[in-house]
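The values are calculated or read from the model by the stated rules, or taken from the named source; none is laboratory data. What you see is a predicted model; the values in this text were computed from it and never measured. Heads up, the Cβs are rebuilt from the backbone with ideal geometry, glycines too, and the neighbour counts pull from every protein chain shown. Side chains are part of the model used for accessible areas, which takes the heavy atoms of the whole protein and leaves out ligands, DNA and RNA. Shrake-Rupley method; radii C 1.70, N 1.55, O 1.52, S 1.80 Å.
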Amino acid sequence: MSVALYARGGGCGAKAAAARRSGRGGGGRRRAAVVLLLALAYVAGLLVFVLAGGGGVGVGGRVEVGREVGVMTVASLRRRGGGGGGGGGAPFFLRDDASSASAAASSLSSTSWRRSMLMTSHYQNPGELWMPCVNRKLIRPELPPSNGYLMIEANGGLNQQRLSICDAVAVASLLNATLVIPAFHFNSVWRDHSKFGDIFDEDHFIETLKEHVRVVKELPVDVLTRFDHNISSIPNMRTKAYSSPNHYMQKVLPKLLELGAVRIAPFSNRLAQSVPSNLQALRCFVNYQALRFAEPIRVLAEDMVERMVKRSTLTGGKFVSVHLRFEEDMVAFSCCTYDGGLKEKTEMENARERSWRGKFHRHGRVINPEANRRDGKCPLTPLEVGMMLRGMGFDNTTSLYVASGKIYNAEKYMAPLRQMFPLLATKDTLALPEELAEFEGHSSRLAALDYSVCLPSEVFVTTQGGNFPHFLMGHRRYLFGGNARTIKPDKRKLVLSFDDPNIRWNRFKRHMQDILHHSDMRGTALRKPNDSIYTFPMPECMCQQDGMM
């Protein structure tokens, strides 16, 4: 029978049941008439099905013309979810394929909360397990007298600040300097006045590092007096990005010895990726052991994780976290077009001018949204993320945690993702308003909550790059045997599938499975010379072990 007829609530079974109810006292002739009518209805249904070319089920029971039962073009799905590169519009449900969901469940991690389920993809040799061994790689000679005080200014968002802190400790060790707790630069995009102690546990940081680097909360009074109690009077040793250890020894150390204190501002990415192994180990030690979030963040984050685990356990689904970069500033910076209407264009122009005055109107600059999209540089819409995940086999029992800032035009763009994943949660829905009250207006503290919930998830999905997913992927590798299930899609391939006007859902699913497979194959990787230690902690900060934990 026609799947479309079944979707409309008809079909032989439904009509037969109705006939039985109406014909209980009507005699043989009525029953015979009913049987004849049913036969005619069945034949009519087959004719509709054949003439339609074997349609699939459309939204609201309408027939989608195609050559296979239950297939539709991905373009039609995207149009119903908002069309083009955008989201929004009338949300839709994708038909669950029981067999593909079952197959996906066997290849994805189960709802078990054990570490073994978080560790390594099924494409990795289970004997090749990597374990943290940073402590044995650290050199711990007795600390000689300090050469002076190093002050740095961490800029950017949460994880760029984290990078600056880790690198600052490594530079302080290199110079044998006493590090002053880093100051945070106020960023026009992040707009967060939080200080170090508002985000990280200062006392734990100082205590954990005491055998490796001296850390103080502020400059001593006698040093401040030398500079007229004005920190801006301390020379700023402006340093190029990715400077080598030799630069610090040759340029910064002499000034430190001369004056007793130096500043480096800004300090993001001011140390080379490849440095001696003891400095790499120290970077990892800071990132994974010395830096922990302040107690209010830790307490709420633990409750949020517990709630996500409970949800996924009750439904038998998976706990999946997604870093969704579809905030207004990200959409504006990408120079990509979504709805393409005048309202969007005006909003994006205003956002670009507000945060990056004149940058996008410089002489000779050409903006090509379509080229950006083909090159995989456009942030995925919530709709595209949902279609990708459903194509990969995640069904509507998945407990999906979305980590993000304020989504651009959220009411419109988030609707289809919420319908595809009804168990979707964000920090705003997972935590009570009174629990979030002290974090409101502090983007870095809110990002710390997102980071903490994503860290132990069974699967983590990154959609747009940046420091958040890079640090999170490295942290998950460090904690879970060298690799935890991470989906980092090839966005160029994604775009080819999304923008193909003729691709059918079954073929689209095969493409998504290929992307998932490729993502798994890249999950366990050793750091290359120009890679970040914060994304690839192997082999400098981890050791290969035989067998499981």
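Brief remarks on what is shown
- Fully extended contour minus Cα-Cα distance, from LEU143 to LEU224, at 0.36 nm per residue: 26.8 nm
- Full-extension gain in nm, GLU211 to SER233, via 0.36 nm per residue minus C-alpha separation: 4.9 nm
- Taking amide H as placed 1.01 Å from N in the peptide plane, ARG485 has its amide H under 5 Å from the amide H of THR120, each at least 5 places away in sequence or on another chain.
- Anisotropy class of segment 197-302 from Cα gyration tensor, a/c 1.5 cut: oblate
- Using a probe of 1.4 Å on the protein chains alone, the accessible area found for HIS442 is around 50 Å².
- Extension gain, LEU259 back to GLU440 (0.36 nm per residue minus Cα-Cα distance, nm): 61.0 nm
- The spacing between segment 199-239 and segment 249-325, judged by their C-alpha centroids, is 19 Å.
- Each residue of segment 498-512 was assigned a 3J(HN,Hα) from its phi angle through the Karplus expression (A = 6.51, B = -1.76, C = 1.60, θ = phi - 60°), giving 4, 8, 6, x, 10, 5, 8, 4, 5, 5, 4, 4, 4, 5, 5 Hz with x at Gly and Pro.
- Three-way shape call for segment 252-376 based on the alpha-carbon gyration tensor, with the a/c threshold at 1.5: oblate
- Per-residue SASA remark: GLU438, around 110 Å² accessible (1.4 Å probe; ligands, DNA and RNA not included).
- Residue-wise HN-Hα coupling along segment 430-436, computed from phi with Karplus coefficients 6.51, -1.76, 1.60 (Hz; x: Gly, Pro): 7, 9, 6, x, 5, 6, 8
- Once the C-beta distance of ASN246 and ASN506 is scaled by a Förster radius of 56 Å, the resulting FRET efficiency is 0.45 to the nearest 0.05.
- Under 5 Å between amide hydrogens, built in the peptide plane, is the criterion, and for VAL216 it picks out LEU179, VAL180, ILE181 among residues at least 5 positions away or on other chains.
- Accessible carbon and sulfur surface of segment 134-287 relative to its total accessible area, %, 1.4 Å: 50 percent
- Carbon and sulfur %, accessible surface of segment 450-549 computed with the full protein complex present, 1.4 Å: 53 percent
- Solvent-accessible area per residue for segment 311-415 (1.4 angstrom probe, square angstrom): 44 Å²
- Here the spin labels are modelled as points 7 Å beyond Cα on the Cα-Cβ line, and at ASN372 and ARG292 they lie 4.2 nm apart.
- Taking the 1.4 Å solvent-accessible surface of segment 329-370 as the whole, the part contributed by carbon and sulfur is 51%.
- Rounded, prolate or oblate (a/c below 1.5 giving rounded, otherwise prolate when a/b exceeds b/c) for segment 134-287 by Cα gyration tensor: rounded
- FRET efficiency, GLN273 to ASP490 (Cβ-Cβ, R0 25 Å, nearest 0.05): 0.60
- Karplus-derived 3J(HN,Hα), 6.51/-1.76/1.60, for each residue of segment 421-426, Hz, glycine and proline x: 10, x, 8, 5, 9, 10
- The calculated FRET efficiency for GLU202 paired with GLN545, based on their beta-carbon distance and R0 = 22 Å, is about 0.05.
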